[in-house]
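In what follows, a structure is listed as structure tokens, so that the remarks can point back to it.
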Amino acid sequence: SGKQLSITEFYRSS
Amino acid sequence: MLELRLVQGSLLKKVLESVKDLVTDANFDCSATGFSLQAMDSSHVALVALLLRSEGFEHYRCDRNLSMGMNLNNMSKMLKCAGNDDIITIKADDGSDTVTFMFESPTQDKIADFEMKLMDIDSEHLGIPEAEYHAIVRMPSAEFARICKDLSSIGDTVVISVTKEGVKFSTRGDIGTANIVCRQNTSVDKPEESTIIEMNEPVSLTFALRYMNSFTKATPLANSVTISLSSELPVVVEYKIAEMGYIRFYLAPKIED
């Protein structure tokens, strides 16, 4: 249940 | 030329056991700061960041920054051949496509070297800025592992809520629901057995238990675990590695559809 967010939605490539 | 001698070789064995099921292939980066790794799981839901600081090694030589791509399952196979009391040395020559793990028994009567093939890994490196968290919970790592294991027999997700009452771990599944509340407890004699809750604001987030359970494979590395929660960020589950650094697991939350 619910939508799984992704890590890349929070942190950008450095 | 790279040569890193780690007297407490068991730490590296434990690190591998804690990440190999989450990440298949990863680049280990070596610099003057230390030996580090940052990798995401294949679905980009979780991220692991490891740092073993150079000062924690008995001998640390890294002439220039080096990134070594390794298959973690193969690396784990090799490190399993090291005894728990063995000293482990990681060696690589510039431009080489192999890395050597040398295992020395504490009495120096057995010395083994295992050479492993490196691989080219195209991995994305993410910038993770320092952040303010709404709540930070420190609790015994074994207690956290027990909670994740127990809840995963009931449901697939855990809601972690921090209020002034304490930290609550909740799940629901086909057979019913479960709630476990841990209150702040600093009165115990041993600091590693205490639960400390720093709360700036109440926070409640939902996470997949499958990943949380995978993170708890790091439990043998530290007596305590720190869980940092913010409503706008992935949770950070951190295990400090004695006098050397840390292993941090970042997990993106689940939200209502």
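The values are calculated or read from the model by the stated rules, or taken from the named source; none is laboratory data. Predicted model, so just to flag it, every value in this text is computed and none were measured. In this analysis, Cβ positions are derived from the backbone assuming ideal geometry, glycine residues included, and neighbour counts consider all displayed protein chains.
Overview of results
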quantity: Breaking point among (1) aliphatic (A, V, I, L, M); (2) in a loop (DSSP other than H, G, I, E, B); (3) touching a helix residue (DSSP H, G or I) at 6+ places or on another chain (Cβ under 7 Å), for residue B:128; calculated: (3)
quantity: Residue satisfying condition, being in contact with a strand residue (DSSP E or B) (Cβ under 9 Å, 6 or more places away or on another chain), among the basic types (Lys, Arg) and exposed (fewer than 15 other Cβ atoms within 10 Å of the Cβ), within set B:117, B:168, B:149; calculated: B:117
quantity: Residues of the range B:220-240 classified as farther than 18 Å from residue A:8 by Cα and more than 9 Å from the chain's Cα centre (by Cα), total; calculated: 8
quantity: Boolean, residue B:175 is touching a residue at least 12 places away in the same chain (Cβ under 8 Å), among the hydrophobic types (A, V, I, L, M, F, W, C), over 24 Å from residue B:232 (Cβ atoms) and touching a Cys at 6+ places or on another chain (Cβ under 9 Å); calculated: no
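Here's the yes/no breakdown for (1) assigned to a helix (DSSP H, G or I); (2) within 14 Å of another protein chain (Cβ to nearest Cβ); (3) at pLDDT 95 or above; (4) closer than 30 Å to residue B:58 by Cβ:
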| position | (1), (2), (3), (4) |
| --- | --- |
| B:204 | no, yes, yes, no |
| B:210 | yes, yes, yes, no |
| B:213 | yes, no, yes, no |
| B:219 | yes, no, yes, yes |
| B:227 | no, no, yes, no |
| B:233 | no, yes, yes, no |
| B:239 | no, no, yes, yes |
| B:243 | no, no, no, yes |
| B:247 | no, no, yes, yes |
